[in-house]
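To start, the structure itself, in structure tokens.
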Amino acid sequence: MPVRFTSLRFKRQTEDPFADGIPEPKPVPTPEELAAKRRRAIRGRLWFYGTTFGILYLALWYQPYEVDWIPRKIPNPNPLIDPDSKHLFERGTRVLIVTAHPDDSEFFIGGLLSKLSKTKAELHQVICTDGDKGYYYFFTDAAKNRVVRKREALDAARAWHAKTIEFLGYPDRFLHPNPDVVYQIQAVIERYRPEYILTFDGELPSRVSHQDHRRAGDAARIAAQKAHVPCWLMLFQTCAPNYVVDISDLWEDQKKLLQIHKSQFFGSHLAGVENMIEASAEKDGARIGVELGEGLRCEKISP
Ligand SMILES: [Zn+2]
């Protein structure tokens, strides 16, 4: 079979690409222009990372919680002790409660306060801050928060029959155990000579807790040591409780106290907070074999 060769026909170039002349070449950036472009890119990156870091830093600075990334060393063993509880629940026993915010006592020791109210203890309270940040929303009305939260604290204190209540009025979120705060708490201790001081555990706090809580606990401890008034320090929001109060039959009282702080606990948030407190009370109660309890770390201050 004969081999057929197909003729390869090359298309003839009919148009001259340079008919209109040689096109202008794209301008090549000069070394100076390239350097300026690099500088602009670096500035853009710096602005982006700087702004992101700044926003994160501000958010961390503004949020009030402290986290112990390394857990505190809890005493081991940490046996249960009895802070002379027979006397604690006797009529007329002098008790001072030192807290950071207007709702702290009802939140953390509402059951114990209800119990002390029923046994007719002589109850005094110091609240270190004015609660002006409220819920920590941005742009809240600080002046309104102060008024509303003070009124709620007074209503709650009336419900558990506080004899006196002192508002130190420091700004919420910025509490420090400075000499002024310590001196003011010490003055209250020396005036009422409490046999028990209930406050936050600043030494062995729960792993995540509000910094004002820790600082209020620190200030109260220093004040108690300076005041030369022998007493039991009973510390709540602690990671190392060594005493548990049975509040099994006081849960409804605790809830009523919590509900007084309407600006803080309402709607589904109130239900969530109640569940959280109940879960914690179940855990503490299990330590002494009761349904609900409030755990505290107790130590005797003997100046
Ligand atoms: Zn608080």
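Coordinate-derived values only; no laboratory data. Predicted model, so just to flag it, every value in this text is computed and none were measured. Cβ: placed from backbone, ideal geometry, glycine included. Neighbour counts: every protein chain shown.
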Here the FRET efficiency for ASN178 versus ALA36, based on Cβ atoms and R0 = 30 Å and rounded to 0.05, is 0.05
Here the net charge surrounding TYR192, from other residues whose Cβ is less than 14 Å away from its Cβ (Lys, Arg +1; Asp, Glu -1), is 0
Ranked on Cβ counts within 10 Å of their own Cβ, fewest leading, ILE55, ILE97, ILE74 go ILE55, ILE74, ILE97
Once the mean of 1/r over all distinct C-alpha pairs in region 92-301 is inverted, the Kirkwood radius in Å reads 16.9 Å
So the angle from the long Cα axis of helix 104-118 to the longest Cα principal axis of the chain, reported in degrees to the nearest 10, equals 20 degrees
The residues ARG158, ARG297, ARG173, sorted from fewest to most surrounding Cβ atoms within 10 Å, come out as ARG158, ARG173, ARG297
For the table LYS163/LYS300; LYS73/LYS118; LYS144/LYS300; LYS86/LYS163; LYS86/LYS262, the rows whose alpha-carbon distance is greater than 30 Å are LYS73/LYS118; LYS144/LYS300; LYS86/LYS262
Packing-ranked peptide list from 278-290, 213-225, 196-208, highest mean Cβ count within 10 angstrom first, is 213-225, 196-208, 278-290
Neighbours of HIS87 by Cβ distance under 11 Å: Lys/Arg at +1, Asp/Glu at -1, summed charge -1
Computed over region 49-110, the Cα gyration tensor eigenvalues, each multiplied by 5 and square-rooted, give semi-axes in Å (largest first) of 40, 20, 7
Checked against the positive end of the charge dipole of region 187-303 (+1 on Cβ of Lys and Arg, -1 on Cβ of Asp and Glu, about the Cα centre), the farthest of GLY289, ALA223, LEU250 is ALA223
Partner aspartates and glutamates whose C-alpha sits under 15 Å from that of LYS283, ignoring same-chain residues fewer than 8 away, are ASP246, GLU274, GLU291, GLU294
Candidates GLU32, GLU274, GLU106; GNM for the chain (alpha-carbon contacts under 10 Å) flags as most fluctuating GLU32
Taking Lys and Arg as +1 and Asp and Glu as -1, residues besides LEU60 with C-beta under 14 Å from its C-beta add up to 0
